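Below you'll find the structure, written out as structure tokens, and then a few comments.
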Amino acid sequence: MADPKVGGAGASESFLVARDLSVRFGGLLAVDAASIEVDRGEIVGLIGPNGAGKTTIFAALWGLLPLASGSVMLDGHDVTSWSPARRARSGLARTFQRLELFGSMTVRENLRYGTEARALGERPWRLLGGGRHQDLDLAEEILDLLELGPVADRSAGELPVGIGRLIEFGRALASRPNLLLLDEPSSGLDPAETVAFVGQIRRAVERFGCGVLLIEHDMSLVIGVCERLQVIDFGRLVSEGPTAEVVVDPRVQAAYLGSEAVGVVGPSG
Amino acid sequence: MSAYVPFLVAGLVTGSVYAIAATGLVLTYRTTGLFNFAHGGVSMVVGFAFHQLRSEWSVATPIAFVLSLFVVGPLVGVVIDRLLFRNLQGSSQAARIVVTIGLLVFLSGGAAVVFGSEPRQVEPFLSQATIDLGTVNLGYDQLTIIAIGLVVLVGLLVFFRSSRLGLAMRAVVDNRTLVRLGGFSAGRISSITWALGTTLAGLAGILFVPLVGLDTVTLVLLVVKAYAAAVFGRLTDLRIAYLAAILLGLIESLSLKVFAGYPTLVNGIRPSIPFLCLFGYLAFVKRGRLRELGVAAPWEGSVRSRPFSRRVQAGWVGVGVLAVFALSPTRLFVFGFALALACIFVSLGLLIGMSGQINLAHTALVGTGAFVYIHATVDWGVPFLFGLLIAAAAVIPLGLLIAVPALRLPSLFLALATFGFGLLVDGLIFTSIPFSGGQNGLIAHRPSLLSGDRAYVLFLLVMLCGFIGIVGLLRRSALGRTLVALRDSPTATETLGVDQLWPRFAIFAVSAGLGGLGGGLYAGMLQAASKTYFNTFTSLSWVAVVVVGGVQSPAGAVLAAFLLAFAPELIGNRPDLLELVAPVFGLGAIVLAKRPGGLLGLLRSVRLGDLVTISSPRGAPVPASGSLGPTTNG
């Protein structure tokens with residue numbers, strides 16, 4: 001899945017390097033000098049209590065909010081002033097906490113559109129062409145990988161939320177991203193679906209080699225899939241490191257997990 | 001200085017009437033989330049009712065006032081609430097826009113049927129006495145109107161601020177459950193709101209009539225100027241809407257005095273100032289500043305229609321060719337008219353159907369195409385086909401201009417921007433006599449090879465097939481898929497790497513180009529073009545008619561064009577019934593707004609077998625699943 005445009009920068013630098021991001025809402029500093037690095041092939045969790053600023057960081061990474069300070073680098077390029085679409089073309093993709101499916105397309109069409117979107121964005125005149133930039137094989141492969149085959153020809157809008165999350169994930173994968181941002185992937189899923197999703201995220205990363213940065217509340221998913229965690233509270237990073245170390249960090253327990261949660265988390269972490 | 005005072009006062013008076021209309025509009029929008037494009041139509045109906053009672057039926061003025069304002073006005077509001085608004089819960093913004101546009105078409109057309117379309121002068125009903133202030137005279141009527149405007153504003157502000165009902169009305173659009181917990185029924189609140197909103201519209205109508213006379217079109221147009229004021233208040237802020245309305249009135253009135261020496265400026269630009277403000281504001285407003293209220297569902301048109309088989313397509317083309325040779329000369333002309341109209345409707349339906357965005361300025365595009373075609377072929381001696389191409393090319397920049405707000409505005413505000421743009425073109429460009437020939441219009445030529453009706457109609461048939469072919473190609477292209485994606489989720493589309501700019505520009509450019517081409521063909525068919533064919537209110541009826549036909553496929557637009565063109569034939573060429581055509585299409589748009597398949601979709605869903613087995617337990621045939629969306633009936 002090597003993209004010809006990828007690899008311009010030195011191997012030492014991570015694909016995503018966000019430094020000292022600050023976002024201000026009026027008088028409130030919603031994100032305070034947060035720095036995040038994620039490389040291809042890595043699965044990183046961004047966790048923290050409600051209102052800690054996780055979603056705001058996502059919005060900042062996409063350029064959906066004005067930054068008070070800080071910079072975002074993708075693949076060694078400073079993208080701080082780029083539009084969301086342009087960031088996407090350089091290898092960023094995402095899912096949404098509130099589903100943003102192409103509801104009137106079938107599941108297969110959602111994935112196929114994912115495969116051609118970047119080409120259409122790069123060379124707008126291709127909009128007038130037919131389906132030459134669709135990668136049908138990739139779409140089928142993702143359908144298989146995520147076990148979406150049985151619903152491939154159903155309208156995406158009429159399927160349950162659990163499947164909707166998979167479709168969004170698949171559509172994002174179809175755009176061959178270098179880094180995939182997952183926004184609360186477990187919300188609306190039952191525990192069994194969550195477990196299955198964990199497996200699918202792992203397999204996808206193995207197969208496509210992209211990095212994953214996820215925001216998540218469900219600690220079982222976080223611990224099950226993330227290699228590294230960044231914990232945020234009151235807009236600041238309070239702890240980061242390998243998952244096993246972070247979940248036992250006292251500062252993290254104080255800020256986020258609480259004493260009861262440690263008992264639940266401790267043994268598996 | 002004192003020379004300006006009368007203009008200042010006159011400006012305050014007009015501004016106050018704008019303000020009354022604008023506050024009514026803001027009130028209903030912010031409470032119900034439904035923008036009422038028919039607000040001006042309501043003003044007109046109530047205004048007519050008042051003067052009908054008073055002048056024709058000799059009812060005493062106070063009684064006529066009470067009857068029209070406090071019976072007819074609220075009644076219209078309650079009808080809108082019960083029959084239209086409550087059926088629109090959980091429907092898309094596009095359907096909402098179409099419903100109130102259908103209502104405006106219905107009210108305008110209906111008023112012409114009931115009251116006649118001849119403008120009438122009426123006697124003033126407010127005191128004509130004046131107060132002498134030395135150098136200037138102030139009319140009591142002027143002071144009364146200004147006072148009414150202030151009372152309405154202050155009354156509404158106090159009502160919203162301090163009464164329990166007012167507070168509940170502020171909450172209802174955001175959270176219906178919350179209101180129920182507060183002890184109010186959301187249904188009763190929406191009834192009261194609509195009654196209040198239409199009463200204010202009616203008040204503006206009654207006050208406007210003595211100023212401008214009784215004329216259906218003028219009255220609607222005047223109240224539409226208040227839409228600009230409401231938009232400046234972001235459709236939610238009563239105070240800003242009031243101030244903007246007063247300001248518009250003052251600018252209009254004072255410019256009369258300031259530019260008194262430049263009649264072209266006064267007559268040409270002055271009436272268009274509010275529309276200039278409306279379009280200008282919407283074209284440059286910061287992205288995200290204007291939000292639609294209420295939760296709108298995704299567009300119902302997302303469900304795709306079955307394509308026609310090749311055999312069916314070929315069959316219809318065969319029928320068309322046969323018709324060209326079989327029809328009598330009169331009917332052949334109507335047939336050709338229908339084909340030219342079909343080309344125009346295909347170009348409009350393409351935009352609505354593919355992007356779910358509504359352009360209320362399509363007449364401006366088509367009209368420009370028609371006039372440019374005439375100038376190119378007649379004045380510059382350009383060959384026919386080149387003339388058509390020039391017409392298309394000339395209109396594309398206008399389409400791109402409309403696309404600018406489309407990039408940043410949600411669909412309601414885009415519709416308002418196009419409305420303003422259309423009225424601007426009406427007022428500034430189509431009034432230019434060198435360009436449009438003024439009231440008389442211009443004579444259009446056909447090439448010698450196609451000078452006869454039969455040859456030209458055959459040519460139109462070929463062109464229509466071309467139009468439909470282009471639409472088919474576009475629907476299957478990456479642009480078609482991208483527009484579907486943008487319609488379903490602009491956010492997801494952008495985060496996959498596609499900017500909104502190019503697909504939006506492309507569809508507006510294609511729709512405009514085909515519209516301009518259609519304008520040229522239309523002018524060639526009628527061998528004439530005049531600004532009266534292309535005013536913006538015609539544009540509203542076009543939207544209504546196209547929605548009635550169906551926007552999911554070009555065949556719906558063709559059906560719409562034939563229905564409109566052959567409507568006089570269908571009702572037996574009875575001139576007394578002719579005026580019913582417009583209100584019927586308005587009503588049709590209201591009924592079919594949530595079914596983008598339109599009449600065509602309904603026709604196709606009824607099969608012969610279903611008609612035979614009507615008594616089967618399954619009951620009536622159901623149109624394509626999910627196309628209706630969830631509805632809650634009150």
Scanning the range A:239-269 for residues that are open to solvent by less than 40 Å² (accessible area, probe 1.4 Å), hydrophobic (A, V, I, L, M, F, W, C) and either modelled with pLDDT of 80 or more or under 18 Å from the mean Cα position of the chain (by Cα) (or both) gives A:246, A:247
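Just name the residue that is surrounded by the most Cβ atoms within 10 Å (Cβ to Cβ) out of those in the range A:138-148 that are touching a helix residue (DSSP H, G or I) at 6+ places or on another chain (Cβ under 9 Å) and of a type outside the set (A, V, I, L, M).
A:141
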Residue B:29 vs (1) surrounded by fewer than 24 Cβ atoms within 10 Å (Cβ to Cβ); (2) farther than 30 Å from residue B:134 by Cβ; (3) among the hydroxyl-bearing types (Ser, Thr, Tyr): all pass except (1)
Per the filter on the range A:152-162, residues away from chain B (no Cβ under 14 Å) and either open to solvent by 20 Å² or more (accessible area, probe 1.4 Å) or of a type in the set (Ser, Thr, Tyr) (or both) are A:160, A:161
Here the residues within the range B:71-91 that are of a type in the set (A, V, I, L, M, F, W, C) and within 23 Å of residue B:227 (Cα to Cα) are B:72, B:75, B:76, B:78, B:79, B:80, B:84, B:85, B:88
Practice task
State whether one or more residues within the range A:87-98 are assigned to a helix (DSSP H, G or I), of a type in the set (Ser, Thr, Tyr), within 14 Å of chain B (Cβ to nearest Cβ) and within 22 Å of residue A:201 (Cβ to Cβ).
Solution key: no
The correct count of residues that are open to solvent by less than 10 Å² (accessible area, probe 1.4 Å), within 7 Å of chain A (Cβ to nearest Cβ) and either touching a residue at least 60 places away in the same chain (Cβ under 8 Å) or closer than 21 Å to residue B:415 by Cβ (or both) in the range B:495-508 is 1
Condition set open to solvent by less than 20 Å² (accessible area, probe 1.4 Å) and touching a Cys at 6+ places or on another chain (Cβ under 8 Å), scope the range B:438-494, selection farthest from the other protein chains (Cβ to nearest Cβ): answer is B:460
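Suppose we filter B:360, B:350 for residues that are in a helix (DSSP H, G or I) and at pLDDT 90 or above; which single one remains? Please lay out each step first, then the result.
Numbers: B:360 fails: in a helix (DSSP H, G or I).
After ruling out the rest, the residue left standing is B:350.
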All conditions in (1) farther than 30 Å from residue B:568 by Cβ; (2) away from chain A (no Cβ under 14 Å); (3) surrounded by fewer than 21 Cβ atoms within 10 Å (Cβ to Cβ) are true of residue B:288 except (2)
Looking across the range A:109-132 at residues that are over 20 Å from residue B:489 (Cβ atoms) and open to solvent by 20 Å² or more (accessible area, probe 1.4 Å), the single one that is nearest to the chain's Cα centre (by Cα) is A:122
Across the range B:524-563, the tally of residues that are open to solvent by less than 10 Å² (accessible area, probe 1.4 Å) and under 23 Å from residue B:454 (Cβ atoms) stands at 4
Expected output for the range B:407-430 (first residue in contact (Cβ under 8 Å) with a residue 40 or more places away in the chain, partner open to solvent by 10 Å² or more (accessible area, probe 1.4 Å) and among the charged types (D, E, K, R), Cβ below 6 Å, 6+ apart or cross-chain) is B:407/B:504; B:408/B:287; B:410/B:292; B:412/B:292; B:430/B:531
- [ ] Test residue B:511 against the stated conditions and say whether it is under 14 Å from residue B:361 (Cα atoms) and more than 9 Å from chain A (Cβ to nearest Cβ).
- [x] yes
The condition of being touching a His at 6+ places or on another chain (Cβ under 9 Å), part of a helix (DSSP H, G or I) and modelled with pLDDT under 95 holds, among B:317, B:378, B:321, only for B:378
The residue that is least open to solvent (accessible area, probe 1.4 Å), considering only those in the range A:182-202 that are farther than 15 Å from residue A:227 by Cβ, assigned to a helix (DSSP H, G or I) and out of contact with any Leu (no Cβ under 6 Å at 6 or more places or on another chain), is A:197
- Residue check: is residue A:83 within 7 Å of chain B (Cβ to nearest Cβ), in contact with a Gly (Cβ under 8 Å, 6 or more places away or on another chain), open to solvent by 10 Å² or more (accessible area, probe 1.4 Å) and closer than 14 Å to residue B:484 by Cα? no
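The rows are residues; the columns are (1) assigned to a loop (DSSP other than H, G, I, E, B); (2) facing another protein chain (nearest Cβ under 7 Å).
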{"residue": "A:102", "(1), (2)": "yes, yes"}
{"residue": "A:115", "(1), (2)": "no, no"}
{"residue": "A:120", "(1), (2)": "no, yes"}
{"residue": "A:126", "(1), (2)": "no, yes"}
{"residue": "A:142", "(1), (2)": "no, no"}
{"residue": "A:173", "(1), (2)": "no, no"}
Per the filter on the range A:144-168, residues assigned to a helix (DSSP H, G or I) and under 18 Å from residue A:191 (Cα atoms) are A:161, A:162, A:163, A:164, A:165, A:166
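Can you find, within the range B:221-273, the residue that is nearest to the chain's Cα centre (by Cα) among those that are part of a helix (DSSP H, G or I) and among the polar types (S, T, N, Q)?
B:272
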- Test for residue B:518: is it under 22 Å from the mean Cα position of the chain (by Cα), open to solvent by less than 20 Å² (accessible area, probe 1.4 Å) and at pLDDT below 90: no
Residue pairs qualifying under the 6 Å Cβ cut-off, at least six apart or on distinct chains, with the first in the range A:66-81 being assigned by TED's automatic domain parsing to the domain that holds residue A:210 and the second being among the hydroxyl-bearing types (Ser, Thr, Tyr) and open to solvent by 40 Å² or more (accessible area, probe 1.4 Å), are A:71/A:80; A:72/A:80
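Quick one: which of B:157, B:143 is in contact with a Lys or Arg (Cβ under 8 Å, 6 or more places away or on another chain) and modelled with pLDDT of 85 or more?
Values: B:143 fails: in contact with a Lys or Arg (Cβ under 8 Å, 6 or more places away or on another chain).
The unique qualifying residue is B:157.
I'd like to check something: does the range B:348-361 contain any residue that is in contact (Cβ under 8 Å) with a residue 40 or more places away in the chain, within 20 Å of residue B:432 (Cβ to Cβ), touching a Gly at 6+ places or on another chain (Cβ under 8 Å) and of a type outside the set (Asp, Glu)?
Residues of the range B:348-361 that are in contact (Cβ under 8 Å) with a residue 40 or more places away in the chain, as a first pass: B:348-361.
Remaining after also requiring within 20 Å of residue B:432 (Cβ to Cβ): B:361.
Checking which are touching a Gly at 6+ places or on another chain (Cβ under 8 Å) leaves us with B:361.
Filter again for of a type outside the set (Asp, Glu), leaving B:361.
Yes, that holds for at least one residue.
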Within the range A:63-73, restricting to residues that are surrounded by fewer than 22 Cβ atoms within 10 Å (Cβ to Cβ) and at negative phi, the one that is nearest to the other protein chains (Cβ to nearest Cβ) is A:64
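The values are calculated or read from the model by the stated rules, or taken from the named source; none is laboratory data. Being a predicted model, the structure only gives us computed values, none of them experimental. For neighbour counting, all protein chains shown are included, and Cβ atoms are generated from backbone atoms with ideal geometry for every residue, glycine included. For accessibility, only protein heavy atoms count, side chains too; no ligands or nucleic acids. Shrake-Rupley method; radii C 1.70, N 1.55, O 1.52, S 1.80 Å.
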